[in-house]
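Let me begin by presenting the structure, written as structure tokens, before commenting on it.
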Amino acid sequence: MSNILFTSVATAKNGRDGHVKSEDGLIDLDLVNPIGDKSGKGSNPEQLFAAGYAACYDGALNHVAKEKKTPIISETTAEVNFLKDEEDGGFKIGVTLNIKIEGVSPEEAEELAEAAHQFCPYSKATRGNIEVVLKPKVVKNEPS
């Protein structure tokens, strides 16, 4: 690997029924498998991936909008689905990105959403590996 800008480190113990902690301690969570333990309190890998993907994609969206000199206000919600893999009998994930964009037309929202998907590091990492559905939606400024 060349040109590393920064490295984030986290360690998981005991898999889906264990614990995950980042090197700096900001993430320090018990993990619960939602399929096997519906009453347990804790996070899961898909929830953590959803948080990371939402943040990364929304950052990419704002970057491409800035590059196009298009001021926006945005909010991205990532839904990460845990799916049965019919091909091998195992499991896989799929993602839906619900993207709210204020300050553009529906056509511009579609263009920005696709451009962000091409630019986002998480989208690049998953491209061709999982299904990602983009759902851009224009929202209007609501008075405070």
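The values are calculated or read from the model by the stated rules, or taken from the named source; none is laboratory data. Everything numeric in this text was worked out from a predicted model, so none of it was measured. Heads up, the Cβs are rebuilt from the backbone with ideal geometry, glycines too, and the neighbour counts pull from every protein chain shown.
Figures for the structure shown
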quantity: Residue 102, sole failed condition from (1) closer than 16 Å to residue 75 by Cβ; (2) exposed (fewer than 15 other Cβ atoms within 10 Å of the Cβ); calculated: (2)
quantity: Residue list for the range 13-40, filter: among the hydroxyl-bearing types (Ser, Thr, Tyr) and in a loop (DSSP other than H, G, I, E, B); calculated: 39
quantity: Residue in the range 109-117 that is under 12 Å from the mean Cα position of the chain (by Cα), not assigned by TED's automatic domain parsing to the domain that holds residue 33 and not in a strand (DSSP E or B) present; calculated: yes
quantity: Residue in the range 36-48 that is surrounded by the fewest Cβ atoms within 10 Å (Cβ to Cβ), counting only those that are over 18 Å from residue 84 (Cβ atoms) and modelled with pLDDT of 75 or more; calculated: 41
quantity: Selection status of residue 65, more than 16 Å from residue 135 (Cα to Cα), of a type outside the set (D, E, K, R) and either surrounded by 14 or more Cβ atoms within 10 Å (Cβ to Cβ) or in contact with a strand residue (DSSP E or B) (Cβ under 9 Å, 6 or more places away or on another chain) (or both); calculated: yes
quantity: Options 81, 129, 33; residue that is surrounded by fewer than 19 Cβ atoms within 10 Å (Cβ to Cβ), within 30 Å of residue 18 (Cβ to Cβ), modelled with pLDDT of 95 or more and of a type outside the set (Ser, Thr, Tyr); calculated: 81
quantity: Flag if residue 87 is not in a strand (DSSP E or B) and not hydrophobic (A, V, I, L, M, F, W, C); calculated: yes
